[in-house]
Amino acid sequence: MSLMLIPERVYSAVAPRPVRFYERVDSTNELALEWLRQGAETGSVIIADEQVKGRGRLGRAWYTPPGTALILSVILRPASSEIQQLTMLGAVAICELLEHIGAPDVGIKWPNDVQLLGRKVSGILPEVVWSGRHVDGAVLGMGINVRIDFAGTALADRAISIEPVLGRLIDRLDALVYLLNRIDEWTPQLGTKALFDAWRERLNMLGRRVTVVGADGMLTGWAETVDEDGALRVKTDDGTIHRVIAGDVVLGSSS
Ligand code: BTN
């Protein structure tokens, strides 16, 4: 097993899929969006070993030191009716990878954080390119913490890496190939109940007390269910059901 991602090995392991591998990038999503606009076919993938201006949800930054993670962006050509499930596709495929390698307590924190032992191990950022009402394509960006050391950082109590949990090294190239295979398996199922169910059954906050910080402010209540478009339904103490489309969830009350 090699701890390094060696370009020739990456290319041959991922072949015949179109792939571009970089030692260091600003953002794999940014490069994938450029490639998509140039006509890259569905399934094409940008992979990097280090990312210095990674994009996160809600305009946040996502930095990945060299040699510590899986960082990739897959180009897809979904129909406009399927784009709501892009995040589900990424989250389910990453959960399946983690389950496959024997990671414990794998779950999804709505809407798109994959967690190990209740801490974030992976983030997913889909970006869609439109021409008018038509979807030209989408980029599914995924970052998975393999051996990032969060000790002493501001993220120490919220983020986690795979290897310290498993207590062994993992081969990032094997993991990458497995993940891409899961993505290939699920891509034709975008827009289906099967994909929605695979996502919903891994959500780890349904039936629990949550506080959601969304665009319209903050609310606390019971996470009742999710709709097929991914929206979270939260029942507040006055009995009102709120449909939350985007936001951050924390378990419990904020006060
Ligand atoms: C989040 O905020 O949880 C989403 C983080 C997504 C990070 C990944 S890393 C690979 C891809 N390229 C980017 O610039 N961002 C995504």
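The values are calculated or read from the model by the stated rules, or taken from the named source; none is laboratory data. Quantities reported herein were computed from a predicted structural model and do not represent experimental measurements. Because the Cβ atoms are built from the backbone with ideal geometry, glycine has one as well, and the counts that use them run over all protein chains shown. The accessibility values were calculated without ligands, DNA or RNA, using every heavy atom of the protein model including side chains. Shrake-Rupley method; radii C 1.70, N 1.55, O 1.52, S 1.80 Å.
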Set Leu169, Leu173: member being within 28 Å of Pro7 (Cβ to Cβ), out of contact with any Ser or Thr (no Cβ under 9 Å at 6 or more places or on another chain) and away from the ligand (no atom under 15 Å from the Cβ): Leu169
Residues (open to solvent by less than 40 Å² (accessible area, probe 1.4 Å), among the β-branched types (Val, Ile, Thr) and either touching a Lys or Arg at 6+ places or on another chain (Cβ under 7 Å) or within 25 Å of Gln85 (Cβ to Cβ) (or both)) located in segment 221-237: Val226, Val234
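Every residue, every condition in (1) surrounded by 14 or more Cβ atoms within 10 Å (Cβ to Cβ); (2) farther than 18 Å from Gly56 by Cβ; (3) among the acidic types (Asp, Glu); (4) not assigned by TED's automatic domain parsing to the domain that holds Arg233, yes or no:
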residue	(1), (2), (3), (4)
Asp105	no, yes, yes, yes
Trp110	yes, no, no, yes
Glu127	yes, no, yes, yes
Gly132	no, yes, no, yes
Ala151	no, yes, no, yes
Ala154	no, no, no, yes
Is segment 62-83 home to any residue that is on the phi > 0 side of the Ramachandran plot, among the hydrophobic types (A, V, I, L, M, F, W, C) and at pLDDT below 95? no
Just to be sure, is Leu98 buried (at least 24 other Cβ atoms within 10 Å of the Cβ), away from the ligand (no atom under 15 Å from the Cβ) and under 28 Å from Thr211 (Cα atoms)? yes
Suppose we keep only residues that are within 9 Å of the ligand (Cβ to nearest atom) and free of Cβ contacts under 8 Å to residues at least 40 places away in the same chain within segment 39-53. Which one would you say is nearest to Val139 (Cα to Cα)? Ile46
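Table: residues versus (1) part of a helix (DSSP H, G or I); (2) touching a helix residue (DSSP H, G or I) at 6+ places or on another chain (Cβ under 6 Å).
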position: Ile46; (1), (2): no, yes
position: Val52; (1), (2): no, no
position: Gln84; (1), (2): yes, no
position: Glu96; (1), (2): yes, yes
Just need a number here: residues in segment 185-214 that are open to solvent by less than 60 Å² (accessible area, probe 1.4 Å) and in a loop (DSSP other than H, G, I, E, B). 8
Segment 5-23, subset under 14 Å from Ser73 (Cα atoms) and either open to solvent by 50 Å² or more (accessible area, probe 1.4 Å) or assigned to a helix (DSSP H, G or I) (or both), residue farthest from the ligand (Cβ to nearest atom): Val14
When you go through (1) open to solvent by 10 Å² or more (accessible area, probe 1.4 Å); (2) more than 10 Å from the ligand (Cβ to nearest atom); (3) within 21 Å of Ala159 (Cα to Cα) one by one for Gly56, which number turns out not to apply? (2)
Residue identified as in a strand (DSSP E or B) and either not aromatic (Phe, Trp, Tyr) or not assigned by TED's automatic domain parsing to the domain that holds Thr87 (or both) among Arg182, Arg233: Arg233
Those residues of segment 59-92 which are free of Cβ contacts under 8 Å to residues at least 60 places away in the same chain, within 12 Å of the ligand (Cβ to nearest atom), under 21 Å from Trp110 (Cα atoms) and not charged (D, E, K, R) amount to Gly59, Ala61
Sole residue being out of contact with any Leu (no Cβ under 9 Å at 6 or more places or on another chain), open to solvent by less than 20 Å² (accessible area, probe 1.4 Å) and touching a residue at least 24 places away in the same chain (Cβ under 8 Å), chosen from Ala175, Ala159: Ala159
